[in-house]
Amino acid sequence: MKRLSVVALAGLAFLATEPVLAQTKYPVSPVTLVTHSSPGGGSDVFLRELTKHLTPVMGVSFAVENVRGGSGAAAVAKVAKSAPNGGTFYATTPTYIQTSLLSKPEVGYEGLDPIVIVFLDPEVIYTRAESPFKTLADAIAHAKANPGKAKWGAANPASLERIALERLKRTAGVQAAVATHEGGGDLMINVLNGTLDFGIGEIQEIRSQLDAGKVRLLGVLTDKRLPDFPQLATAKEQGIDLTVTKFRGLAGPKGIPDDIAAQWETTIRAVVASDAYKAEYGKESLVPAVMGRAEARAFTQRFAVDVTNNLKELGVIK
Amino acid sequence: MGLMTLLASLGGVIWGIFGGALPGISPSIAMALLLPFTYGMEPVNAIVLLASVYVGAEYGGSIPAILIRTPGTNSAAATTIDGYEMAKMGRAGEALGISLMSGLVGGLFGLAVLIVATEPLAAVALAFTPPAYFALGILGLSVIASLSSGSLLKGLFAALVGLMIATVGTDPVSGVPRFTMGSPELLGGIRPILVMVGLFAVAEMLDQISLPAWDRTEARDTRLKLPSLAVWRRTWKCQLIGCGIGTFEGVTPGAGGTIAAFMAYNEARRWSKHPEEFGKGSVEGVAAPECANNVVTGTALVPLLSLGIPGSNSAAVLLGGFMIHGLMPGPMLFQKAPDVVYGLYAGLFAANIFMVLVGLVILTPCIWLVNRPKPYLIAFILALVCSGVFAIDQSLFDLGLVLGAGVIGYGMRRFGVPVLPMVLGVVLGFLVESNYRRSLVLSGGDHLVFLQDKVALGLLLAALLLTLYSLWRELKPK
């Protein structure tokens, strides 16, 4: 014990005399970034693109590890149990909060400490090119005029998108059947063949159909218009007070020192502002929304409370 | 086509055959394991590599299906029926040869369909509404009666248990977790591959342990035998059936190789001149499913390339491969990256040829391996199965599921309950349930929706006819 504290003291003294070094050099290498998504999946691609730009700035190497199983619970548990030395992080998305709420995993979302939020994924409402609807307001008006005839679709049953559509029904005061699917592909088929009035999803999921002119965007559920689609009105502008926030960030085990957290915030801010990275995430219409640790903690907490309330209203959880 | 593309194709096929032959490693997992290595490759080579893994794995899955009654992949389950019977009669080499050549026929046919008919077939995929998918699943389930090997009641019971297993996980409509007992491991449901590995591989090993040492090595044909002209003459019709069904099932997203193989087996038996040989080592019973599941390696790419919609897990991994290289499959792919599309066609053609060459080389050692003394072999296979399952997600839970399914499978064999209907139930349960309920959500609870949709009506009528025919055949006085 004694020897340990002596070593710790020596370490502190070293840090105290070398403040500049402590700020510029990241203490651990390689840094492991864990995701629940499989190679090629959303978070996996996010991490691999991010690390390409992080490596030169932070001067350490990164490893992306795909820990699948338990709808994200396995990856969360692995990171929660790792040493809080800044060497292991988990790529957060709303999934890890939902999994904690829907089941009783060994370690829930509270077991991790958010360190940064990097992006927000905008959600858009889209329909097929042949559809009579030009805007979200059109589709809502149709639903109002034909009670019980409106058909909307979301990719997964317990997803943020499903919650968004249920909230849309309530906000707009209309009735509609909300069909859920086994992923974005199934949903796209039912939008393209006209089974559904519209679907909800991320730009990236519908990009190929959008480029080919097979689907049309009706509205976006963000506060501001997207830079890539300046002509696309937000739901708010169309008189429907609904915004949906889907986020991407990093979280680590509890007890990561403040200087490491601060270093992440500075680095992420710098990387997100770089032109090379901008060009890449711009293609996916990701909206940069960098938050440091304190902000990210509050944001995640608020998000979890919102989702809990929404899932309760849907009757999914008690 | 460059040398690197050819090498990617060859490497993919070899990796695929081994991955497919390992029980527990499905084609999509074999592909996903390679995905991280494709980051630095040329886009064409990366896509060809992944697609070739798929081709190789669909063939590789039939090797353990024939030799040790354990399908290496989901879609090789139907091959176990007659393939293993042939192996027991000492005709393993012949069965493997038929599987290989039928796979080649199927693979090339599927590729031809992909090249020629992608555009019109994309329309077929879009014609499938939720009611139509429900009907498609029912059509698949109509095969149960013919898989029940004599006891219809036991077959129906097994299928019901399979359907019940498929209800574990997140409710497809409300999102409420069902039968998960609070465990996050079960939120995503029980994967069919785990059930199958347990029911086939583990149960077979338990069964073998209880039997006296086998006399397998005696008087056995341990050499690969390519089908003779007489065999070709007998199998061309079932290969034709396999081609037709494989095209249909591959093009409709969500159906896939497993159902294609089962339905092809069923139809081959119906149209055969020797239906009595099925289940007792029929060459046609090996040719039909093996041809069908290789057709799917080509046709499953139709919705992916034309619509950007992955129709199976393997296609989803391939989609990931496209996206890593900044390519987005879909209507614009043919304009934006024609070199990748045509490179993929050429690579798939090469992969089918390589499949035969590699297959010829490795079959003899495989057969030799299976004829080693029983205690070694059983220990080796069980170790292989366990490490394969564990490798997927490093999950001890999955391992427990597999071993549990193995004990159940062993019990089913003791009591003469057929396992294939159960497998079919697990594979199709979710498709049937989710589309049934989705249809009703959309129709406001009106069941007439299943009769109003023309595609659904046609498929349901076909299912009814097939069931009645099978029942008549099973129940008629012998």
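Just so you know, all these numbers are worked out from the coordinates, no wet-lab data involved. Only a predicted model underlies this, so the values are computations on that prediction, with no experimental measurement involved. Methodologically, a virtual Cβ is constructed for each residue, glycine included, from the backbone with ideal geometry; neighbour enumeration extends over all protein chains shown.
For this structure, a couple of remarks:
- Estimated from the Cβ-Cβ distance and a Förster radius of 45 angstrom, the FRET efficiency linking A:S82 and B:R372 is about 0.55.
- Paramagnetic reach from A:N146 (point 7 Å along Cα→Cβ, amide N under 13 Å) across the stretch A:89-133: A:131-133
- Pairs of Cα atoms farther than 22 Å apart, the stretch A:113-194, %: 29 percent
- Long pairs among A:K104/A:K144; B:K88/B:K476; A:K104/A:K151; A:K25/A:K254; A:K151/A:K283; A:K224/A:K318, criterion Cα-Cα beyond 28 Å: A:K104/A:K144; B:K88/B:K476; A:K104/A:K151; A:K151/A:K283; A:K224/A:K318
- Alpha-carbon centroid distance for the pair the stretch A:269-318 / the stretch A:93-153, whole angstrom: 13 Å
- Centre separation in Å (Cα based) which lies between the stretch B:123-169 and the stretch B:392-456: 7 Å
- Among B:T129, B:P192, B:I165 the positive-end extreme of the charge dipole of the protein assembly as shown (Cβ point charges): B:I165
- Between B:H447 and A:K134, the distance separating the two model label sites (each 7 Å from Cα on the Cα→Cβ line) works out to 4.4 nm.
- Selected from B:A78, B:L153, B:A383, residue furthest toward positive end of dipole (chain B; charges at beta carbon): B:L153
- Kirkwood-type radius of the protein assembly as shown, with distances r between different C-alpha atoms, in Å: 27.6 Å
- Applying the criteria of a DSSP loop state and at most 16 other Cβ atoms within 10 Å to the chymotrypsin sites (Phe, Trp or Tyr not before Pro) of the stretch B:12-68 yields B:Y39.
- Residue exposure proxy: B:F200, B:F179, B:F354, ordered by other Cβ atoms within 10 angstrom of their Cβ from fewest to most, comes out as B:F179, B:F354, B:F200.
- Distance between the 7 Å Cα→Cβ label points at B:R473 and A:S61: 6.0 nm.
- Theoretical ellipticity at 222 nm over chain A - DSSP helices of four or more residues, -39500 (n - 2.57) apiece, nearest 500: -14000 deg cm²/dmol
- Averaging the sequence gap over all C-alpha pairs within less than 8 Å and six or more residues apart, then dividing by the number of residues, gives chain B a relative contact order of 29 percent.
- Dipole in debye (nearest 20) - the stretch A:123-220, about Cα centre, beta carbon charges: Lys, Arg +1; Asp, Glu -1: 380 debye
- Here the mean projected area of the convex hull built on the C-alpha positions of the stretch B:264-400 is 12.6 nm².
- Using a Förster distance of 30 Å, the FRET efficiency for B:F397-A:K312 (Cβ separation, nearest 0.05): 0.60
- For the stretch B:415-478, chymotrypsin sites (Phe, Trp or Tyr not before Pro) meeting the loop criterion (DSSP other than H, G, I, E, B) and having at most 16 other Cβ atoms within 10 Å: B:F415.
- Cβ crowding within 10 Å, taken as a proxy for footprinting-reagent exposure, orders B:L34, A:L120 from fewest neighbours to most as A:L120, B:L34.
- In straight-distance terms, cross-link reach from A:K278 covers every one of the aspartates and glutamates whose alpha-carbon lies under 14 Å from its own, apart from those fewer than eight places away in the same chain; here that gives A:E49, A:D228.
- Modelled spin-label separation between B:D339 and B:L461, with each label point placed 7 Å from Cα along the Cα-to-Cβ direction: 5.1 nm.
- Sorted by Cβ neighbour density within 10 Å, fewest at the top, the residues B:V173, B:V113: B:V173, B:V113
- Check: the protein assembly as shown dipole with +1 on Lys, Arg Cβ and -1 on Asp, Glu Cβ, in debye: 1180 debye
- Take every pair of alpha-carbon atoms less than 8 Å apart whose residues are at least six positions apart; their mean separation over the length of chain A yields a relative contact order of 23 percent.
- Beta bridges per DSSP, both residues in the stretch A:123-220: antiparallel share near 60 percent.
- For chain B, a crude dipole built from +1 on the beta carbon of Lys and Arg and -1 on the beta carbon of Asp and Glu, taken about the Cα centre, is about 1020 debye to the nearest 20.
- Ordered from longest to shortest, the equivalent ellipsoid semi-axes for chain A are 41, 21, 16 Å, each the square root of 5 times a Cα gyration tensor eigenvalue.
- Radius of gyration and Dmax over the Cα atoms of the stretch B:3-475, both given in Å: 21.0, 65
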